[in-house]
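To keep things clear, I will list the structure first and then write my remarks on it.
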Amino acid sequence: MKKVFWILWAVALLLGGVGVYYRLTTGHELAGYGSYIPWGLWVAMYIHFVGLSAGAFLLSTLVYVFRVKRLEPIGKLSLFTALVSLVAALLIIWFDTGHMLRFWKVYTSMAWRSMMAWMVWLYTAYTILLLAELWFALRADLVTWSARPGLSGTLARVLSFGKTDTSPMALAWDAKVLRILGSIGVPLAVAFHGGVGALFGVIGARPYWNSPLMPIMFLVSALVSGGALLTFVVAFFWPERSSVEHRELTTTLGSITLALLALDLLFEWAELSINLYASIPAHADAFRLILFGPYWWVFWFVHLGLGVLVPGLILTLRGRDIVWVGTAGFLIATTFISVRLNIILPGLALEQLVGLEQAYVDPRLSLTYFPSVMEWLVGLFVVAFGVGLFYAGYQLLPITHAKEV
């Protein structure tokens with residue numbers, strides 16, 4: 001099974017590399033989006049990965065800030081998952097930018113009233129805080145792992161930066177710093193991912209996005225997807241899978257994910273029902289496009305079926321079965337990309353002026369979008385890169401292993 005996984009991973013990385021080659025050599029020429037729909041699959045994946053990161057990080061605060069003992073074993077795993085998801089998010093949105101080598105200009109030429117510019121600064125602060133908090137969470141274990149032979153021991157010696165103190169006083173200091181950093185991280189994570197929602201919510205020219213609920217919905221969906229991802233990882237990749245602790249940890253995460261999924265569904269129902277009942281064309285047409293448009297199956301089958309109904313039933317009826325709970329987490333975490341696509345595309349796929357699509361005819365002037373092969377391949381590369389990065393850290397760092405020598 002492990003050999004099959006590595007073969008599939010290598011094929012995915014290789015095929016994704018082909019897509020990256022064409023992206024770097026041809027720019028956006030092979031992409032399926034155009035002037036009317038300038039955002040597509042990559043932006044949806046970016047939002048999805050950012051949500052995974054914010055959700056995983058906010059769950060880590062239950063351990064380091066609110067001291068929930070039952071979830072203590074997943075503290076380091078939550079932080080590391082948040083970091084890997086953030087790297088994947090920044091990588092995919094980097095491919096989406098027009099001039100990839102000019103990303104640094106937002107730091108030197110910032111427009112102070114730009115929501116997007118503020119997001120970049122919030123991301124920077126969040127990245128620094130995440131790295132610092134992860135280091136303090138790992139520090140004592142890195143010191144212990146320094147005695148190990150091989151690559152993991154060498155890496156532990158490098159990352160411990162010469163710190164060797166594992167006394168009770170040093171551990172208490174680490175815990176205190178973690179609580180301070182986690183407390184700072186809560187409003188920061190809320191600000192940076194809520195800021196992504198605000199980026200859409202403040203666009204008055206797109207009524208579908210222009211909603212004060214958008215930042216709140218982004219945060220709730222982040223908790224759902226991040227919790228589901230952690231549930232999947234813990235269920236299938238925890239080192240002591242046959243232990244009582246593992247069962248209790250998995251079922252607890254499954255229960256949290258189920259509750260958050262129900263809350264997210266409540267927000268989604270409120271948004272859909274109220275806008276459809278009011279039937280204001282600027283708002284309702286976008287929701288009708290989601291429900292009955294060309295890609296109606298994305299909402300009904302991928303999101304509502306595989307992402308809500310099936311995992312909801314699994315977590316309700318088989319909530320004590322580790323394999324089933326992990327499967328439910330996987331379904332939610334992977335199918336939530338459909339929610340992101342249904343945020344991005346319907347807001348762009350409606351005419352801003354009646355007859356606009358017929359006024360000018362050009363392949364780039366279309367309100368119909370489907371990702372090109374190149375877009376899928378680049379997305380595949382980012383997913384494979386993220387999986388490889390996560391596996392490397394999982395094997396070489398004391399993410400789940402306590403203090404083994």
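At 0.36 nm per residue, minus the direct Cα-Cα distance, what do M169 and V310 gain on full extension? Give it in nm, one decimal, please. All intermediate terms of the calculation are to be shown ahead of the outcome.
Numbers: separation 141, 0.36 × 141 = 50.76 nm, distance 4.82 nm.
Extra length available between M169 and V310 comes to 45.9 nm.
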**Prompt:** Contour minus end-to-end for A147 and R113, with contour as 0.36 nm per residue of separation and end-to-end as the Cα-Cα distance?
**Reply:** 7.1 nm
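Can you tell me the equivalent ellipsoid semi-axes for region 319-405? Use √(5λ) from the Cα gyration tensor, largest first, whole Å.
On the way: eigenvalues 361, 64, 20 Å².
They are 42, 18, 10 Å, listed largest first.
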**Message:** What are the equivalent ellipsoid semi-axes of region 1-157, built from the alpha-carbon gyration tensor (square roots of five times its eigenvalues), in whole angstrom, biggest first?
**Reply:** 33, 23, 16
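Evaluate the Kirkwood expression for the hydrodynamic radius of region 151-242, namely the inverse of the mean inverse distance over all pairs of different C-alpha atoms, and round to one decimal in Å. Can you show the working numbers first?
Working: mean 1/r = 0.0583 Å⁻¹.
After inverting the mean inverse Cα-Cα distance, the result is 17.2 Å.
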**Message:** Given the whole protein assembly as supplied and a 1.4 Å probe, what does the accessible area of M45 come to in Å², nearest 10?
**Reply:** 20
**Request:** Please express the shape of region 182-225 as an equivalent ellipsoid: the semi-axes are the square roots of 5 times the eigenvalues of the C-alpha gyration tensor, given largest first in whole angstrom.
**Result:** 22, 11, 6
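Can you tell me the accessible area per residue over region 260-405, all protein chains present, probe 1.4 angstrom, in square angstrom?
51
Listed highest first by mean packing, meaning other Cβ atoms within 10 Å per residue, what order do 131-137, 206-212, 95-101 come in? Intermediate values should be presented prior to the final figure.
Numbers: 131-137: 20.4, 206-212: 17.1, 95-101: 12.9.
Final packing ranking: 131-137, 206-212, 95-101.
Rounded to a whole number of µm²/s, how large is the Stokes-Einstein D of region 249-405 at 20 °C and 1.002 mPa s, given Rh as the Kirkwood radius over C-alpha pairs? Mind dumping the intermediate values first?
Values: Rh = 18.8 Å.
My calculation gives 114 µm²/s for D.
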**Request:** Taking every Cα atom in region 344-386, find the radius of gyration and the maximum pairwise distance Dmax, and write them in Å.
**Result:** 14.6, 43
**Message:** I need the phi-derived Karplus couplings for region 59-71: 6.51 cos²θ - 1.76 cosθ + 1.60, θ = phi - 60°, integer Hz, Gly and Pro marked x.
**Reply:** 5, 5, 5, 4, 8, 8, 9, 9, 6, 7, 4, 5, 9
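How large is the convex hull of the Cα atoms of region 285-330 per residue, expressed in Å³ as a whole number? Write out the running numbers ahead of the final one.
Values: hull volume 2.7 nm³, N = 46.
Normalising the Cα hull of region 285-330 by residue number yields 59 Å³.
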**Of Y123, Y33, Y107, the one that fluctuates the most in a GNM where the chain has Cα springs shorter than 10 Å** = Y107
**Backbone HN-Hα couplings from phi across region 301-315 [Karplus 6.51/-1.76/1.60, Hz, Gly and Pro as x]** = 8, 6, 7, 5, x, 6, x, 10, 5, 4, x, x, 5, 4, 5
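Could you rank S255, S242 by how accessible they are, 1.4 Å probe, largest area first?
Numbers: S255 75, S242 120 Å².
If we order S255, S242 from most to least accessible, we get S242, S255.
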**Prompt:** Which lysines does K163 reach when only Cα atoms under 23 Å apart count, and residues fewer than 8 places away in its own chain are ignored?
**Reply:** K76, K176, K403
**Asked** Roughly how many whole Å is it from the C-alpha centroid of region 252-292 to that of region 143-163?
**Response** 48
**Prompt:** Taking only protein heavy atoms and a 1.4 Å probe, what accessible area per residue, in Å², does region 90-203 have with all protein chains in place?
**Reply:** 54
**Message:** Please report the carbon-and-sulfur percent of the accessible area for region 221-269; probe 1.4 Å, protein heavy atoms only, DNA, RNA and ligands left out.
**Reply:** 71
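Highest mean first, how do 59-67, 175-183 rank when packing is the count of other Cβ atoms within 10 Å averaged over residues? Walk me through the numbers on the way to the answer.
Values: 59-67: 20.8, 175-183: 17.6.
By packing density, highest mean first, the sequence is 59-67, 175-183.
Across all directions of projection, what mean area in square nanometres is found for the Cα convex hull of region 230-312? Please list the in-between numbers first.
On the way: hull surface 25.7 nm².
It is 6.4 nm².
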**Asked** Spin-label point model (7 Å from Cα, Cβ direction): what's the K2 to A132 distance in nm?
**Response** 3.8
**Request:** Using label points projected 7 Å from each Cα along Cα→Cβ, tell me how many nm separate W104 and W297, to one decimal.
**Result:** 4.7
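Work out how much length T26 to I274 would gain on full extension: take 0.36 nm times their residue separation and subtract the Cα-Cα distance, in nm to one decimal.
Working: separation 248, 0.36 × 248 = 89.28 nm, distance 4.39 nm.
Taking T26 through I274 to full extension adds about 84.9 nm, to one decimal.
Which value in Å is the Kirkwood Rh of region 165-320 over different Cα pairs? Please list the in-between numbers first.
Numbers: mean 1/r = 0.0541 Å⁻¹.
Evaluated on region 165-320, it is 18.5 Å.
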**Contact order normalised by residue count of the chain, Cα under 8 Å, 6+ apart, percent** = 32
**Fill in**
A392 and E248 label points (each 7 Å along its Cα→Cβ direction) are spaced in nm at 3.6
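Beyond 26 Å, what percent of the Cα pairs of the chain remain?
Details: 46513 of 81810 pairs.
In whole percent, the long-distance tail amounts to 57.
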**Message:** Can you compute the FRET efficiency between I180 and R364 using 1/(1 + (r/R0)^6), with r the Cβ-Cβ distance and R0 = 41 Å? Round to the nearest 0.05.
**Reply:** 0.20
**Computed P(r) (all Cα pairs; region 107-171; 10 Å bins; percent)** = 20, 32, 20, 17, 11, 0
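The values are calculated or read from the model by the stated rules, or taken from the named source; none is laboratory data. Being a predicted model, the structure only gives us computed values, none of them experimental. As a convention, Cβ positions derive from the backbone with ideal geometry for all residues, glycine included, and neighbour counts pool all protein chains shown. Remember, those area values only see protein heavy atoms, side chains included, never the ligands or the DNA or RNA. Shrake-Rupley method; radii C 1.70, N 1.55, O 1.52, S 1.80 Å.
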